[in-house]
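A short worksheet on the structure shown next.
The values are calculated or read from the model by the stated rules, or taken from the named source; none is laboratory data. A quick note: this is a predicted structure, and the numbers were derived from the prediction, not measured. Using ideal geometry, Cβ is built from the backbone for each residue, glycine included, and neighbour counts are taken over all protein chains shown. We work out accessible area using only protein heavy atoms, side chains counted, and drop any ligands, DNA or RNA first. Shrake-Rupley method; radii C 1.70, N 1.55, O 1.52, S 1.80 Å.
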Amino acid sequence: MNSYKYLYLFWLVPTAFLFLALHQVSVYYSLTDTYENGESYTAEVLDFELKQIAAQTNGFIVLQFNDEEGNQIQRKLSLPVEVAGQLQQMRVIPVRYQQKASQEIVIMPTYETHKNLVWTNIAMAAIALLILVIIAIFVHRYTNKKLRSKDKKIVFERID
């Protein structure tokens, strides 16, 4: 079996970025749908933690509120640092809630920041996808050329 055939697997890298971009588009639409069509509630902050570990800063918040049917809703939401900073001092937070959405809860004070963060993720994934598709095309052409040529062995030469 020719080892150059494995180079076709490079197409998996742009495919991963395509799925990442599509996932972020889905998050954006679900976030917008919950914000526009969800019910407004006032949530009590039960717990809030901001972790700062070397180059990583993130946190979580635990919210609790009662929906219109009287059910008590309690969710633990992870927070990026951009969003967590805005919520540090708040004990009561207005939220939008839509029960069967993939983004069930939207925190109203951080909605614009969250939306901009998702747009940034979409843009980065799209740019990476574009660059990797161009690279994959060149790898594909190179692989086709090597598979058609008579020299079908990969030769590693050590130069000391």
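Segment Ser149..Leu22, full-extension length gain: 41.9 nm, with 0.36 nm per residue of separation and the alpha-carbon distance subtracted.
For the chain, what proportion of DSSP beta bridges, expressed in % and rounded to the nearest 5, is antiparallel? Kindly include the intermediate steps, with their values, before the conclusion.
Values: 27 of 27 bridges.
Within the chain, antiparallel bridges account for around 100 percent of the total.
For Ile131 and Asn37, a Förster radius of 30 Å and the Cβ-Cβ distance give a FRET efficiency of 0.25, rounded to the nearest 0.05. Computed over the chain with a Gaussian network model linking Cα atoms closer than 10 Å, the most mobile of Ile131, Ile107, Ile122 is Ile131.
Picking from Leu130, Leu147, Leu77, which is most flexible by a Gaussian network model of the chain using Cα springs under 10 Å? Of Leu130, Leu147, Leu77, the most mobile in the Gaussian network model is Leu147.
Per DSSP H run of n ≥ 4, the term is -39500 (n - 2.57); total these for the chain, divide by its residue number, and report the mean residue ellipticity at 222 nm rounded to 500 deg cm²/dmol. Before the final figure, lay out each step's value.
Numbers: 3 runs with 71 residues, N = 160.
After summing the helix terms and dividing by residue count, I get -15500 deg cm²/dmol.
Between the helical axis of 111-148 and the longest alpha-carbon principal axis of the chain there is an angle of about 10 degrees. For segment 11-77, the extents of the C-alpha atoms along the principal axes are 50, 36, 16 Å, listed from largest to smallest. When only the Cβ of Lys, Arg, Asp and Glu is charged (+1, +1, -1, -1), the dipole of segment 1-135 relative to its Cα centre reaches about 620 debye. Rolling a 1.4 angstrom probe over the protein heavy atoms with all chains in place gives the chain an accessible area of 69 Å² per residue. Annotation: extensible slack from Phe156 through Met108 equals 11.4 nm (criterion: 0.36 nm per residue apart, minus Cα-Cα distance).
Can you give the extra length, in nm with one decimal, that the chain gains between Ser78 and Leu50 once fully stretched, where that is 0.36 nm per residue apart less the Cα-Cα distance? Mind showing how you got there, number by number?
Numbers: separation 28, 0.36 × 28 = 10.08 nm, distance 0.98 nm.
Contour length minus Cα-Cα distance gives 9.1 nm.
Between segment 93-160 and segment 1-60, the alpha-carbon centres lie 11 Å apart.
Have a look at Gly70, Gly85, Gly59 and tell me which one the Gaussian network model of the chain (Cα, springs below 10 Å) gives the largest fluctuation. Ranking Gly70, Gly85, Gly59 by mean-square fluctuation puts Gly70 first. Put a plus charge on the Cβ of each Lys and Arg, a minus charge on the Cβ of each Asp and Glu, and nothing anywhere else: the dipole of segment 42-94 about its Cα centre is then about 260 debye.
Placing a label point 7 Å from the Cα of Val62 along the Cα-to-Cβ direction, the residues of segment 78-105 whose backbone N falls under 20 Å of that point are 78-80, 84-85, 87-95, 104-105.
Can you give the angle from 0 to 90° between the axis of helix 12-37 and the longest principal axis of the chain, with both taken from C-alpha atoms, to the nearest 10? That helix lies at roughly 20 degrees to the long axis.
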